[in-house]
1. Here's a check for you: in region 77-104, which residue that is more than 10 Å from the ligand (Cβ to nearest atom) and among the basic types (K, R) is nearest to V27 (Cα to Cα)?
2. Within 9 Å of the ligand (Cβ to nearest atom) and closer than 17 Å to G22 by Cα - does that describe any residue in region 68-76?
Amino acid sequence: MDKISIMEASVRKWQRIIDGKGGDGGVLDCPPCRIFYMVVCFGCPIASYSGKKFCRETPYIPWYHHQVNDHGFMRRKIYCDECVTLATDMRNYMSEIVEHLKAEKASKLNESSQDDPNPPAS
Ligand SMILES: [Zn+2]
């Protein structure tokens, strides 16, 4: 899976949470964590986008704190309107990263075609 597919899987995970069809198991069911967490959180698209490891300074932190402080150590899912707002922020953040990765990929493709000294004759 490339980074874009991984992040798209993350958008789908948060959409399921918003729809009340799923819960958040953190590292265990976070698509990028499953691949990149490995003790040190290395190479995750979220970390390279935010510049912070372990999802610091992302909408995941307010979600996590709200879950623990207001709903206790139950399964992290939608319990109240605040949960919906926070999960929506997280889903939007994941889509923002998907867009960022797509733009990055598109600009790389443009660069390599400009660098080609001998474009194929048509
Ligand atoms: Zn709540």
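Only the coordinates and a few stated rules stand behind these numbers; no lab work does. As the structure is a computational prediction, the values presented were derived from the model and not from experiment. Counting neighbours? That spans all protein chains shown, and the Cβs are built from the backbone with ideal geometry, glycine included.
1. From region 77-104, those more than 10 Å from the ligand (Cβ to nearest atom) are 88-104; that's our starting set.
Keeping just the survivors that are among the basic types (K, R) gives 91, 102.
On the way: R91: 16, K102: 24 Å.
Applying the filter and picking the extreme gives R91.
2. Keep residues of region 68-76 that are within 9 Å of the ligand (Cβ to nearest atom), which gives 70-71.
Adding the requirement that they be closer than 17 Å to G22 by Cα leaves 71.
Looking for residues that are within 9 Å of the ligand (Cβ to nearest atom) and closer than 17 Å to G22 by Cα, one finds at least one in region 68-76, hence yes.
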